Every structure is written in structure tokens, then in C-alpha cells.
Amino acid sequence: MKVIIDGKDVELQEQKTILKVAEEIGIEIPTLCHHDGLSSYGSCRLCIVEITNNGNTEIDTACTRSVEDGMEIKTATERLTEERKLIAELLLAQAPESEKLKASLSKLGVQESRFEAREDSDCIVCGRCVRACKEEVGAGAITFVGRGYKTKVDTPFSINSDVCIGCTACAEVCPTGAITVEDEEAMRYIRYFNTELELAECAECGKYINPKRMIEKLKKEDFAYYPEENFELCEACRRNKEMNKFADKFLEAK
Ligand code: SF4
């Protein structure tokens with residue numbers, strides 16, 4: 001398969017998305033909803049590119065569109081730059097107070113939005129948190145609720161989730177910083193989702209570690225070479241235990 005991206009000839013053995021191919025040859029296409037470990041979604045639309053194939057030119061999202069033999073792709077034309085700025089302004093209006101989002105969009109030359117700002121929102125409905133929770137964690141604790149302009153991410157019925165394991169994957173992938181995780185004494189609070197979880201104590205030193213529900217889930221997974229009891233230890237005690245084991249083996253061998 002042969003394609004041309006920004007004037008560069010590229011030969012491919014397998015099908016990949018335009019975003020992936022561009023990344024591999026050092027062309028950076030802006031995106032907010034894409035995350036390498038998650039399925040493609042195409043919601044933020046910042047990664048739009050111009051594609052010419054069989055004499056037709058169209059605009060599509062690079063994260064969802066796969067390359068096809070003979071495609072000519074342009075990633076940074078004047079038209080794309082202008083459209084991306086417009087999209088960026090719309091995204092900013094959805095999460096006007098997010099400093100993290102502002103920092104990302106300033107790279108596109110956008111610092112303000114001419115559109116009406118959505119109140120009390122830090123969410124651009126990119127779906128990264130929903131996908132991470134479902135695809136990576138297998139919990140499916142959060143989903144999209146509402147319609148159109150009022151769409152947001154939440155737990156079903158907006159109540160304390162009984163399937164969330166408090167792993168923090170949602171907060172880690174969020175491009176706006178909307179989701180925060182706070183550990184206070186014996187509790188973990190994910191206030192964005194009205195969710196609170198009880199933390200377990202390290203079986204050795206008593207320090208609070210991960211939520212009990214998360215440990216229960218991890219114990220049920222098949223980690224062939226990982227001792228189950230390690231999930232009940234804090235990092236320092238886990239390391240100590242491994243060191244002691246190593247020292248015992250070393251002395252035995254002597
Ligand atoms: S909370 Fe964050 S990760 Fe989830 S949809 Fe909104 S912006 Fe995206």
C-alpha cells in the first residue's frame with residue numbers, strides 16, 4: 001500500500017489509521033479524544049485531515065480513518081488550520097475553566113472562545129474516561145447521559161457507583177482535568193461521579209492503599225506470576241518483601 005502524507009511517500013504492509021501513520025513518520029496531528037491504549041472515537045474532531053483519493057477530496061478524522069492505497073493526505077493546510085481553530089473554540093466553550101484544556105488549545109493559537117460558555121462544565125465529552133473504564137478496566141461504571149448540548153458523563157442515575165473500583169483510570173486519561181481523585185483517611189472520593197470508596201489498609205504497615213473493591217477485582221484476575229497477597233501491600237512493603245525473598249534465596253544458594 002502506498003500513500004502520500006504532506007508530500008512524503010509512505011509504503012505500508014498493513015492497514016493503520018492515518019493518525020498512526022502520520023505519527024510514525026514524525027507528523028503530529030492534534031487530537032484530544034484519541035488515546036493510544038483505547039479504541040478510536042473521533043469526537044473532538046481536531047485531527048481532521050484532507051484526503052484525496054480517486055480524484056475526490058474530502059475531510060475526515062485521522063484517528064478513525066484507515067489509510068487506503070493511493071491516498072494523498074494533507075494534515076496542515078490553511079483550510080484545516082482555520083477549521084481546527086473553530087473546533088478548538090467550540091471545545092473551549094464546553095470547558096471554559098479547564099487550565100489543562102487551555103494549555104492544549106493554545107498550541108493551536110486558541111486562547112479564547114467566541115461561543116457561549118457552558119456553565120459548570122469541565123467536560124468536552126471526548127469519551128476517554130468512558131472508554132478507559134469499559135475497555136481497559138472492564139468495569140463500565142460510567143456512561144454518557146443527556147442529549148445534545150447537555151450531554152455529560154456520569155454514573156447511571158448520578159449516584160454513588162457500586163461497580164466503580166476506584167482505579168483512577170478515568171482521571172488519568174481525562175484531557176481537561178475534570179475528574180479528580182481525593183484520598184482522605186479511609187476513603188477515596190471521585191466527586192465528579194458522586195462516588196466514594198473505602199480504602200484498604202496495607203497488611204504489613206497499615207497505611208491506606210487502594211480501594212477494597214479494586215483489590216477484590218484484582219484478586220479475581222489471572223495474574224499468573226503475581227502473588228495474590230501482594231495486592232494487599234503498599235508499594236514500600238511489597239518492595240521489602242521482594243528484597244527479603246531475594247536475600248533468602250541468595251543465602252540459601254551460598
Ligand atoms: S470527563 Fe474528561 S475524559 Fe470524560 S468525557 Fe469529559 S473530558 Fe473526556
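The values are calculated or read from the model by the stated rules, or taken from the named source; none is laboratory data. Since we're looking at a predicted model, the values are computed, not measured. Here the Cβ positions follow ideal geometry from the backbone for every residue, glycine too, while neighbour counts run over all protein chains shown.
Miscellaneous remarks
- Selection within the stretch 127-151: residues that are of a type in the set (Lys, Arg) and crowded, with 19+ Cβ neighbours inside 10 Å. The member of this set that is farthest from Met214 (Cα to Cα) is Arg128.
- Hits in the stretch 43-59 (condition: of a type outside the set (Asp, Glu) and part of a strand (DSSP E or B)): Ile48, Val49, Ile51, Thr52, Asn53, Asn56, Thr57, Ile59
- Pairs meeting the criteria (first residue in the stretch 1-24 and not assigned by TED's automatic domain parsing to the domain that holds Asp69, second residue at pLDDT below 95 and in a strand (DSSP E or B), beta carbons under 7 Å, at least 6 apart or on different chains) are lacking.
- Some residue of the stretch 178-185 being near the ligand (Cβ under 9 Å from one of its atoms) and assigned to a loop (DSSP other than H, G, I, E, B): yes
- For the stretch 229-254, a residue qualifies if it is at pLDDT 85 or above, over 15 Å from Ile209 (Cα atoms) and not aliphatic (A, V, I, L, M), and the qualifying residues are Asn240, Lys241.
- Annotation note: of Cys205, Cys167, the sole residue that is in a loop (DSSP other than H, G, I, E, B), outside the structural domain of Ser106 (by TED's automatic domain parsing) and within 19 Å of the chain's Cα centre (by Cα) is Cys167.
- Subset of the stretch 133-165 that is of a type in the set (Gly, Ala, Ser) and within 23 Å of Leu92 (Cβ to Cβ) - its residue that is nearest to the ligand (Cβ to nearest atom): Gly146
- Leading residue by the ranking (surrounded by the fewest Cβ atoms within 10 Å (Cβ to Cβ)) among those in the stretch 200-254 that are touching a Cys at 6+ places or on another chain (Cβ under 8 Å) and of a type in the set (Gly, Ala, Ser): Ala236
- A single entry from Ser113, Ser40, Ser104 fulfils the requirement of being polar (S, T, N, Q) and either outside the structural domain of Lys8 (by TED's automatic domain parsing) or assigned to a helix (DSSP H, G or I) (or both): Ser104.
- Residue within the stretch 114-126 that is within 15 Å of the chain's Cα centre (by Cα), more than 8 Å from the ligand (Cβ to nearest atom) and surrounded by 13 or more Cβ atoms within 10 Å (Cβ to Cβ) present: no
- Count of residues meeting criterion [over 18 Å from Cys174 (Cβ atoms) and surrounded by 14 or more Cβ atoms within 10 Å (Cβ to Cβ)] in the stretch 13-41: 10
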